[in-house]
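Novice: One structure coming up, written as structure tokens, with questions to follow.
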Amino acid sequence: MTGVTAPSTINRSSRNQGLGLMLLVVGLVVGGFLIMLFASHGQASPVIGVLLACLSAAGVFFLFACVFRLVHFGMAPTANDLTQAIADSSPDGMLISGAGGQIVYANGAYLGLCQGPAQGAVTPVERLFSGPPEVSEAIYRLAQAARQGRRAVEEVRLAQPVDGSAGGVAWYRLRVQPLPRGAGQSAALWTVSDITRDRERQENVFQELQQAIDYLDHAPAGFMSVDASGSIAYMNATLAAWLDHDLAQIGVGGLKLPDVVAGDATPLITHVSGAPGDVATDILDVDLKKRGGETIPVRLLHRVAFAHDGSPGASRTLVLDRGPRGDQDEAQRAAEVRFARLFNTTPFALAIVDVSGRILSANASFLRLFGGALRAETGEGRVISGVVTDGGRASLDRAIGAAAEGRSTAAPIDAILVGRDNRSARFFVTPTGRAGSGGEAAIVYAIETTEQRALEAQFAQAQKMQAVGQLAGGVAHDFNNVLQAIIGYSDLLLANHRPTDPAFQDIIQIKQNANRAKNLVQHLLAFSRRQTLRPQVLQLGELISDLSMLAKRLVGETVKLDMRQGRDLWDVHADATQFEQAILNLAVNARDAMPNGGALSIRTRNMPQAECATLDYEGLVAADYVLVEIEDNGTGISPDNIEKIFEPFFTTKEVGKGTGLGLSMVYGFVKQTGGFIYCDSVIGKGTTFRILLPRYVEEAGAATQREGAGAAMAPVPGEAAAEEVSVAAVDHTGTGRVLLVEDEEAVRKFAARALASRGYQVLEAASGREAIDIVQKTQDPIDLVVSDVVMPEMDGPSLMRELRKGDPDLKIIFVSGYAEDAFAKNLPDGEKFVFLPKPFTLKQLIETVKTAIG
């Protein structure tokens, strides 16, 4: 069946009459020339008649030739016929419509859909496919595209074919595309394809796929697929029933591998390595857990294919139920299940290796600990020596070799793990007795010791700091006695010399240098946490604001000081003077770390317990703290020195530019206050010190806090008492019997002379036992006991308990180079005494004694 065309349009477009007109003109010109030629010779009439007859015959011939298509005009009649032949023979229906919707051309396939033209008319696509609303909507979209000169494709489903043939449901694919025709004209090409057979094939394939899925879902074994991220992409109905999971949750990211794998066996399944393009298969015995938590033993045939870039694809895992079924091999299978559970769920890392150290099998704990070092891209493959650094490989290889020969190596092997931030493990190697060609040679047990090593290092550092602190405290105690004698006798000399005496200035110099040494001793006592503190409730924001002017003068003009205070800071309980000294020490250190100038920031804020728990600082106890940060952008501290910066006398400054006691004093003050101090530093970028002081919350109904641990007889003990009394005291003389107990002879002699010169009767004792003997032998009552705290045989608090057995109201003054807290906490509550810290001046001793006697 050939196509149908419209003459008014197709003839004008497919036949070019320019050549015929040209032939006609040429014929007329030639005829006219011949007529003129013959007319000039007098023979025009017969010749003209003959010529006209010939021209008439030729015109009639060309007319008939054109009508019967014996002659074609135009340059490419053959090409147009070929295009039309291709269109007419196409199995798809083709229709060309003009801009106004008139039909220009329809091939034979389209006419077949229309069941032939009705009275010379061809049915348009819009009317040919009229029907249900969804079909009409598709046709409307195509018509709109044709009017707008766009391409469009739609697929429609009809209850019956459009050609009226039997066959049930029919599917058609309709296309429309613009056809430019020149001279501003346009047309649209419609293509109608019958795709019913394609859809039937797709339906058949889908049904076959549904049957295959149904077969897989109801298979007697479980099946699942896990993608690289650990999400279960597919699980058959059998496995879902075993695990009591809803299939609707699977495949949409709702179920992860840890949700169905019991214990820590997940790394066994996810840790499968292979080269690009390889397919790796593992046989694993693990426990899966049901939704309610119950576990079932299974065997997994786990296969993973790797892409060309080495990335693992989704797995294909067959799951075999290894639960009891009562068959004849039940005992053996139960033993295998128990071993598999023990092997895979033990918290210790286990691996079975051959003679060369290649890992034949490993449990989940082993893969979790060493998984990163066992991947193929490390170049070590699955050789166990690849998990440790070079320092431990030789020992591990020797132990495996000895185990392969049947010799047990009980000695553990400590090694550093590869690429794990200085993580370590302890290995034990035992023989299996089955060594052979490619057989199991040894069992390697591994326990991670990273935290243990960190705790050991932390404990060693704490012991070191404690030992240094004890040494510093002991040195400070003995040095205090020396300074006490120097300062005391200097005061005695000054009392006997006038300012005009030549030796007066020399004595002043001796006392001033002794006071400088006293400050150094105070730093040592601060580090050993034995300095005398006068804690009080502080608001750090106000305290640091008051320090701003002094801190700016200390850091100089080249350092920009930025102080930022947090809002509503919590109260802390600390010594204000010592806190200020600590902040100034850190500010001066920051200034020295920025010789060319820089920026120094001092910031404060509250740190609640929840935030504190997220910090990775060793030894930090989660609680509410007030945080003080001192940050500079100086030279920084090297990692080798950062562990030593709080040790006494350690300094990185040049000789003569630092005592090395500043940071140790800060450390001791913070620790004695119950806080923490940490340092973070990067070479070339700067250093940040963080001080965390515990939040102070006053208990409801609590009594007024006393200054220090002991209850003082005077309103304010120690130096504070002496300072208050010094204002009011004019007459330093007094009367009374004073028992002076001091094991250091120079200090005892000075104090005895000083008290005797002021009118007191002094009894001297070199120890606590001697003091008790003096009290028992003396008939007259003793008004006051001035005793050292640290003495051989019997210390000061023990002496007080013995003396107050005979006289409960006996007044006592304790003198010591250590802080009052160091001994007062061991005394019963309610014991009253006055504390005078060493080294003290002559004036402080006299005023304290006179105030205590009253």
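Novice: Quantify, in whole percent, the carbon and sulfur part of the accessible surface of segment 219-310 (1.4 Å probe; protein heavy atoms only). All intermediate terms of the calculation are to be shown ahead of the outcome.
Specialist: Values: 2140 of 4100 Å².
In segment 219-310, the share of accessible area belonging to carbon and sulfur is 52 percent.
Novice: Distance in nm between label sites at Phe206 and Asp163, each 7 Å beyond Cα in the beta-carbon direction?
Specialist: 2.5
Novice: Something else about it: On the protein heavy atoms, probe 1.4 angstrom, tell me the percent of accessible surface of segment 81-200 carried by carbon and sulfur.
Specialist: Roughly 51 percent of what the probe reaches on segment 81-200 is carbon or sulfur.
Novice: Computed FRET efficiency, Cβ-Cβ of Ala503 and Glu557, R0 41 Å: what is it to the nearest 0.05?
Specialist: It comes to 0.40.
Novice: Taking amide H positions as placed in the peptide plane 1.01 Å from N, state which residues far from Ala99 in sequence (5 or more) or on other chains have amide H under 5 Å from it.
Specialist: For Ala99, the qualifying residues are Ser186.
Novice: Let me ask something else. I'd like to compare 210-217, 312-319: which one has the highest average count of other Cβ atoms within 10 Å, and what's the full order after that?
Specialist: In descending order of packing, they fall as 312-319, 210-217.
Novice: Would you please give the residues with an amide H less than 5 Å from that of Leu288, counting only those at least 5 places away or on a separate chain, with H modeled from the backbone geometry?
Specialist: Result for Leu288 returns Ala262, Ile296, Val298.
Novice: Enter the accessible area of Thr651 (Å², nearest 10), with the probe set to 1.4 Å and all protein chains included.
Specialist: The accessible area comes out at roughly 50 Å².
Novice: From the phi of every residue in segment 751-759, what ³J(HN,Hα) in whole Hz does the Karplus formula 6.51 cos²θ - 1.76 cosθ + 1.60 yield, where θ is phi - 60° and glycine or proline is x?
Specialist: Those phi angles translate into 4, 5, 4, 5, 6, 5, 5, 9, x Hz.
Novice: Amide H of Ala599 versus every other amide H placed in the peptide plane: which residues, excluding those fewer than 5 positions away on the same chain, fall under 5 Å?
Specialist: Counting only residues 5 or more places away or on other chains, the set is Lys560, Asn633.
Novice: Using a 1.4 Å probe, what is the accessible area per residue for segment 96-246, in Å²?
Specialist: Each residue of segment 96-246 exposes 55 Å² on average to a 1.4 Å probe.
Novice: In Å, the Kirkwood hydrodynamic radius of segment 143-242 over pairs of distinct alpha carbons? Numbers along the way, then the final one.
Specialist: Numbers: mean 1/r = 0.0552 Å⁻¹.
Kirkwood radius, segment 143-242: 18.1 Å.
Novice: Roughly how far apart, in whole Å, are the Cα centres of segment 179-242 and segment 747-822?
Specialist: Comparing the Cα centres of segment 179-242 and segment 747-822, I get a distance of 101 Å.
Novice: Next question. Using the Karplus curve 6.51 cos²θ - 1.76 cosθ + 1.60 with θ = phi - 60°, work out ³J(HN,Hα) for each residue of segment 303-310 in order, rounded to whole Hz, and write x for Gly and Pro.
Specialist: 10, 9, 9, 10, 6, 5, 8, x
The values are calculated or read from the model by the stated rules, or taken from the named source; none is laboratory data. Just so you know, these numbers come straight off a predicted model, no measurement behind them. Virtual Cβ from ideal backbone geometry, glycine too; neighbours counted across all protein chains shown. We work out accessible area using only protein heavy atoms, side chains counted, and drop any ligands, DNA or RNA first. Shrake-Rupley method; radii C 1.70, N 1.55, O 1.52, S 1.80 Å.
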